[in-house]
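All of the numbers you see were taken from the coordinates with simple rules; none came from a lab. All figures in this text were calculated on a predicted structure; none of them were measured in a lab. Ideal geometry is used to build each Cβ from the backbone, glycine not excepted, and the neighbour counts take in all protein chains shown.
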Amino acid sequence: MHFALGFAIEFSVDEAHYALYAQHLAWSYFDHPPLVGWIQWPLVAISSSEGFLRLIPELLWIISCYLVYQITLEIHHFIQGRNAGYLTSALPSPSTCGLMAVLAIIAAPMPHVLAIGLLPDTLLTPFSLGLMLMALRWLIQDHFRMSDWIITGILLGLAGLSKYTAIFTALALLLVFFSAPRKPWLRKIGFWLATLIALILISPVLYWNWANDWISFKYQIAHGGGSEWLWRRLGSFLGIQALVFGPLLIMGSFIFLKDCIHATKLSLLSLLGFFLIPFIIFASLSGGGSLPHWTTPAWFCLAPFAGIGLAKAWSTQHRRVIQILFLIQVALCCIGFAYVLSGGISTASIKSNPIADLYGWKMAGEKAAQLTHTSKADGIAVQNWTLASRAAWYAKPTPVFVLDKRKDQFDIWFGEVPLGANILLINWSGMPFSAPVGDKSSFERCQPLDSLEIARFGQVLSRFDFSLCTHWQGPGSAE
């Protein structure tokens with residue numbers, strides 16, 4: 001399914017944005033650290049095929065599922081080592097628990113989105129799981145060898161290069177260290193070496209932000225704060241989380257906490273911090289607005305516990321409930337795949353079809369580049385930053401300007417529209433704007449040049465209108 005979708009659909013807004021990171025290599029970027037661009041650079045250098053570039057997130061998804069399986073086995077062994085008696089014999093086999101954990105992830109709809117499209121969260125997931133595995137090794141051994149400290153430092157640094165929210169994973173790791181009665185690690189040279197390695201790896205981000213007035217940190221603080229905090233947004237966040245990650249993970253985790261934690265309570269509760277810390281923080285911020293995929297690394301870290309709980313429920317005559325939930329979730333995933341491949345449901349309003357955003361931008365970008373060349377325009381313009389990434393990717397190397405007052409990555413890449421410039425304007429039916437004319441801080445006039453209608457399986461998905469706007473007079477006023 002991942003391969004079929006990966007080669008069948010065009011880039012989403014975020015995928016194109018991060019692919020442009022690889023095209024414009026830098027120490028860091030306006031909205032995210034650089035690893036999501038760096039890791040794509042070799043493939044972008046030799047190909048621009050969406051399916052080819054999507055091999056990266058598909059591989060990361062497989063690695064993440066493998067780590068979920070291994071962590072489940074280690075937690076199972078940890079419980080067996082700390083709990084003698086009836087609980088040890090009552091636990092299902094390690095392989096059954098690991099299989100249940102992976103199946104719970106496979107049946108969750110949201111991870112498939114990140115398995116097809118490369119986002120910073122796709123990268124952060126395996127690094128978070130790797131750090132969770134190291135934390136579990138610490139709990140089992142009660143100490144680290146120098147090689148363990150070095151691996152931990154590398155994983156921390158790579159997580160920091162993936163996404164700023166890796167700080168939550170680092171806090172979860174510290175919680176595990178502090179859960180031990182003794183704190184000898186504070187006096188170990190390995191701990192400080194790991195810290196130094198992590199700082200060295202994230203130094204490009206720190207240097208770039210220092211050279212650019214810390215714009216990433218200012219943006220992320222404002223972005224994380226969101227708008228006015230509302231209780232209904234929190235309720236919506238929790239409901240959406242349950243839907244897109246599925247009841248299997250929730251059910252399995254509940255059973256684990258109820259039946260399997262026992263004498264290892266403090267240690268395992270600290271390990272649960274890899275889920276609880278980011279989830280609680282994102283939930284508290286959700287009242288101001290959030291996106292559902294932000295919690296994906298946290299849910300992957302919860303999956304090993306859920307797998308043990310589901311395996312225990314499976315062994316105690318609750319198989320039918322698990323089977324029904326699994327089939328319902330898988331059916332929802334398959335319906336989602338089919339919905340995307342079909343182009344969405346035809347409605348009277350083009351704007352109401354969210355899948356329309358995944359089709360037509362390649363044709364529109366190529367047509368825009370051709371019209372820019374024939375009209376001798378100075379570049380392409382859109383009126384919202386979310387429209388710029390596909391236009392810039394599919395019309396490359398033509399510069400793309402965003403006609404709004406918001407500072408973003410496109411201002412860094414392409415600068416502002418030159419005064420007096422003639423620009424090809426793209427207007428998309430899914431997010432239409434009035435022509436930026438009529439005042440002294442816009443164009444003198446915009447003349448329609450051409451249009452492009454996008455259809456799939458006989459239904460019209462969207463429409464692109466191209467206009468030549470002449471003599472830019474000042475800063476963008478369209479928002």
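With θ set to phi - 60° and the Karplus curve 6.51 cos²θ - 1.76 cosθ + 1.60, what are the ³J(HN,Hα) couplings of region 275-286 in order, to the nearest whole Hz, using x for Gly and Pro?
Per-residue couplings from phi come out as 9, 5, 4, x, 5, 5, 5, 5, 5, 5, 7, 5 Hz.
Based on the alpha-carbon gyration tensor of region 282-362, what equivalent-ellipsoid semi-axes (square roots of 5 times the eigenvalues) come out, in whole Å, largest first?
Details: eigenvalues 222, 86, 24 Å².
Those come to 33, 21, 11 Å.
Per residue, what volume in Å³ does the convex hull of the Cα atoms of region 427-479 enclose? List each step's numbers first, then the result.
Values: hull volume 3.6 nm³, N = 53.
Cα-based convex hull of region 427-479, divided per residue, equals 67 Å³.
Between Arg456 and residues 5 or more places away or on another chain, which pairs have amide H atoms under 5 Å apart, with H built 1.01 Å from N, and which residues are they?
Those qualifying (amide H under 5 Å, at least 5 residues apart or on another chain) are Leu461.
Over all directions, how big on average is the projection of the convex hull of the alpha-carbon atoms in region 306-434, in square nanometres? Spell out each step's value before the answer.
Values: hull surface 49.4 nm².
It is 12.3 nm².
With unit charges on the beta carbons (Lys and Arg positive, Asp and Glu negative) and the dipole taken about the Cα centre of the chain, which residue among Leu257, Leu43, Asn353 sits farthest to the positive side?
Leu257
Subtracting the Cα-Cα distance from 0.36 nm times the residue separation, let me have the gained length for Trp229 to Leu266 in nm, one decimal. It would help to have the intermediate numbers written out before the result.
Numbers: separation 37, 0.36 × 37 = 13.32 nm, distance 3.34 nm.
That pair, Trp229 and Leu266, stretches by 10.0 nm at full extension.
How tilted is helix 361-374 with respect to the longest principal axis of the chain? Cα atoms for both, answer in degrees (0 to 90, nearest 10).
30 degrees
Taking every pair of Cα atoms in region 133-292, average 1/r, invert it to obtain the Kirkwood radius, and report Rg/Rh to two decimals.
Working: Rg = 18.2 Å, Rh = 17.9 Å.
Radius of gyration relative to Kirkwood radius: 1.02.
Note the angle between two axes, namely the Cα long axis of helix 13-23 and the longest principal axis of the Cα atoms of the chain, as a number of degrees from 0 to 90, rounded to the nearest 10.
So the helix axis and the longest Cα principal axis differ by about 90 degrees.
Exactly which trypsin sites (Lys or Arg not before Pro) in region 340-420 are in a DSSP loop and have at most 14 other Cβ atoms within 10 Å? Intermediate values should be presented prior to the final figure.
Details: sites: Lys351, Lys362, Lys367, Lys376, Arg390, Lys405, Arg406, Lys407; in loops: Lys376, Lys405, Arg406, Lys407.
Passing both the DSSP loop test and the Cβ count: Lys376, Lys405, Arg406, Lys407.
Given a Förster distance of 45 Å, report the FRET efficiency between Val321 and Phe52 from their Cβ-Cβ distance, rounded to the nearest 0.05.
Working: r = 41 Å, r/R0 = 0.92.
That gives a FRET efficiency of 0.60.
Quick check on packing: order 417-424, 392-399, 293-300 by the mean number of other C-beta atoms within 10 Å, highest mean leading. Walk me through the numbers before you get to the answer.
Working: 417-424: 18.5, 392-399: 20.0, 293-300: 26.2.
Per-residue Cβ counts within 10 Å, averaged per peptide and sorted highest first, yield 293-300, 392-399, 417-424.
Neighbour counts of other C-beta atoms within 10 Å: give me Phe254, Phe245 arranged from fewest to most.
So the residues, fewest neighbours to most, are Phe254, Phe245.
Pull up the DSSP beta bridges for the chain and report the antiparallel fraction as a percent, rounded to 5. Please report the intermediate quantities before stating the final value.
On the way: 18 of 24 bridges.
So the antiparallel bridges in the chain amount to around 75 percent.
Taking N as the number of residues in the chain, what is its alpha-carbon radius of gyration divided by 2.2 N^0.38 Å?
Compactness ratio reported: 1.08.
So what is log10(I(q)/I(0)) for region 350-418 at q = 0.21, 0.23, 0.27 1/Å, when the Debye sum runs over its Cα atoms only?
For the requested q values the scattering log ratios are -0.89, -1.01, -1.22.
Quote the charge dipole size of the chain about the Cα centre in Debye, to the nearest 20; the model charges only the Cβ of Lys and Arg (+1) and of Asp and Glu (-1). Spell out each step's value before the answer.
Values: 30 positive and 26 negative charges, 297 e Å.
My answer is approximately 1420 debye.
Between Tyr66 and Ser147, what FRET efficiency follows from the Cβ-Cβ distance if R0 is 22 Å, with the result rounded to 0.05?
Details: r = 21 Å, r/R0 = 0.94.
Once the sixth-power term is evaluated, E becomes 0.60.
Residue by residue through region 398-404, which ³J(HN,Hα) values in whole Hz follow from phi under the Karplus form 6.51 cos²θ - 1.76 cosθ + 1.60 (θ = phi - 60°), with glycine and proline marked x?
Result, rounded to whole Hz: 4, x, 10, 10, 9, 8, 9.
Nearest 10 degrees is fine. How inclined is helix 247-259 to the longest principal axis of the chain, computing both from alpha carbons?
20 degrees
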